[in-house]
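Written below as structure tokens is the structure these notes are about.
The values are calculated or read from the model by the stated rules, or taken from the named source; none is laboratory data. Because the structure is predicted, anything quoted here is derived from the model rather than measured. Here the Cβ positions follow ideal geometry from the backbone for every residue, glycine too, while neighbour counts run over all protein chains shown.
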Amino acid sequence: MPMTAHALPDAPCHLDGRWLPLNQAQVSVLDRGFLFGDGVYEVIPVYGGRLFRFDEHMARLAHSLDAVRIPNPHSRDGWLALLRELVARELAHSGQGDQLAYLQITRGVAPRSHPMPTGLTPTVFAMSQPHQPPGADQRREGIACVSARDFRWERGDIKTTSLLGGVMARQIAADHGAAETILLRDSGHGLTVTEGSSSNVWAVLDGALIGVPPSHHTLAGIRIELLRELCEEEGIACHLRPIAESELTIADEILISSAGREILPVTRLDGEPVGHGALRGKPGPVYARLHAAYERAKLEQSI
Ligand code: PMP
């Protein structure tokens, strides 16, 4: 076995129809996922052993697979059965009902050559890890972010395992002791926000929650529609439109959202406190209301 800096867990995982411990799962070196990052993935939150917003994740998976011409190896019900078994096995293993289920499909194994070979059997891999939603101190203090130019590719709508751009973007934050990198691109009318390295970005301006519309630069995060629905329930105005870099500096609140981080308040950006007055550098009221609504949604929308 190769030496690794971190011991691999023996949690259960699924690989091509087999169940085995994670530290025994192996794929071919000619797998196109390994050679090219030629694959797609999903991360689905699990609360109390139940999958949150499952159908929305399946719809995005279908979009990613179609975009890269990999056939979907399972029906919706096939995925549901597979993921439920995965979650049950992880629950038996760790005793944790709150999990993050990860699934990945690569194009399969073939001699190395760039064009997409046809007729391959996709490699299907799934694992699930105990999930600790953001803790009380992160919710109370908020997180620090840095901003950087978005140097990734122009197919941010595909949730691909080719993640070097995202890894490099996140490392900018890590190098500054921050939790996320907010990416900006020149949209022709100055710099606008695309997304975080692995999250969507929101700003509260004049009491309304503003989110970036999904495009080829911004992943259609499952929490985009969710937060729109939660705003509707809470009577908070919500609009999807470009967010200018300059608006981040005047925003009352900045939030990020993702499967793992749920929603979190950004209280420092590039070293400066976010917001105004008594709430400068502190989580704001829109965050507090959406966090409470998110907690309710977990109970109501998990299957
Ligand atoms: N953008 C990127 C680049 C991401 O990796 C993620 C996390 N999957 C998101 C946005 C947020 O999407 P979701 O809410 O579905 O986790």
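Some notes on this structure:
- Per the listing GLY165, GLY221, GLY177, the residue uniquely within 13 Å of the ligand (Cβ to nearest atom), small (Gly, Ala, Ser) and surrounded by fewer than 22 Cβ atoms within 10 Å (Cβ to Cβ) is GLY165.
- Of the criteria (1) assigned to a helix (DSSP H, G or I); (2) touching a strand residue (DSSP E or B) at 6+ places or on another chain (Cβ under 8 Å), which one HIS14 fails: (1)
- Wholly within segment 204-303, helices (runs of 4 or more DSSP H) carrying at least 2 residues that are touching a Phe, Trp or Tyr at 6+ places or on another chain (Cβ under 8 Å): 222-234, 285-300
- Pairs where the first residue, in segment 58-86, is in the same structural domain as VAL40 (by TED's automatic domain parsing) and the second is of a type in the set (Lys, Arg) and in a loop (DSSP other than H, G, I, E, B), C-beta under 7 Å, 6+ apart: ARG60/LYS159; SER64/LYS159; ILE70/ARG107
- Screening ILE172 with (1) away from the ligand (no atom under 16 Å from the Cβ); (2) surrounded by 15 or more Cβ atoms within 10 Å (Cβ to Cβ); (3) over 30 Å from GLU295 (Cβ atoms); (4) assigned by TED's automatic domain parsing to the domain that holds GLY221 gives one miss only, at (1).
- Qualifying residue in segment 275-291 (condition: surrounded by fewer than 22 Cβ atoms within 10 Å (Cβ to Cβ) and within 16 Å of the ligand (Cβ to nearest atom)): yes
- Set ALA7, ALA59: member being farther than 23 Å from PRO133 by Cβ and in a helix (DSSP H, G or I): ALA59
- Which numbered condition GLY271 misses (of (1) on the phi > 0 side of the Ramachandran plot; (2) away from the ligand (no atom under 16 Å from the Cβ); (3) surrounded by 17 or more Cβ atoms within 10 Å (Cβ to Cβ)): (3)
- All positions within segment 181-218 that are buried (at least 22 other Cβ atoms within 10 Å of the Cβ), more than 9 Å from the ligand (Cβ to nearest atom) and small (Gly, Ala, Ser): ALA203, GLY211
- Of the residues contained in segment 125-137, none is found to be within 15 Å of the ligand (Cβ to nearest atom), closer than 18 Å to ASP66 by Cα and out of contact with any helix residue (DSSP H, G or I) (no Cβ under 9 Å at 6 or more places or on another chain).
- Residue within segment 113-123 that is buried (at least 19 other Cβ atoms within 10 Å of the Cβ) and modelled with pLDDT of 95 or more present: yes
- Residue count for segment 239-260 under the criterion of being within 16 Å of the ligand (Cβ to nearest atom) and surrounded by 19 or more Cβ atoms within 10 Å (Cβ to Cβ): the result is 7.
- Within segment 1-18, the residues that satisfy the criterion of being surrounded by 13 or more Cβ atoms within 10 Å (Cβ to Cβ) and at pLDDT 95 or above are ALA11, PRO12, CYS13, HIS14, LEU15, ASP16.
This table checks each residue for (1) of a type in the set (Phe, Trp, Tyr); (2) in contact with a Leu (Cβ under 7 Å, 6 or more places away or on another chain); (3) surrounded by fewer than 16 Cβ atoms within 10 Å (Cβ to Cβ).
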{"position": "SER28", "(1), (2), (3)": "no, no, yes"}
{"position": "ILE44", "(1), (2), (3)": "no, yes, no"}
{"position": "ARG50", "(1), (2), (3)": "no, no, no"}
{"position": "ALA62", "(1), (2), (3)": "no, no, yes"}
{"position": "ASP66", "(1), (2), (3)": "no, no, yes"}
{"position": "PRO73", "(1), (2), (3)": "no, no, no"}
{"position": "ARG76", "(1), (2), (3)": "no, no, yes"}
{"position": "TRP79", "(1), (2), (3)": "yes, no, no"}
{"position": "GLU90", "(1), (2), (3)": "no, no, no"}
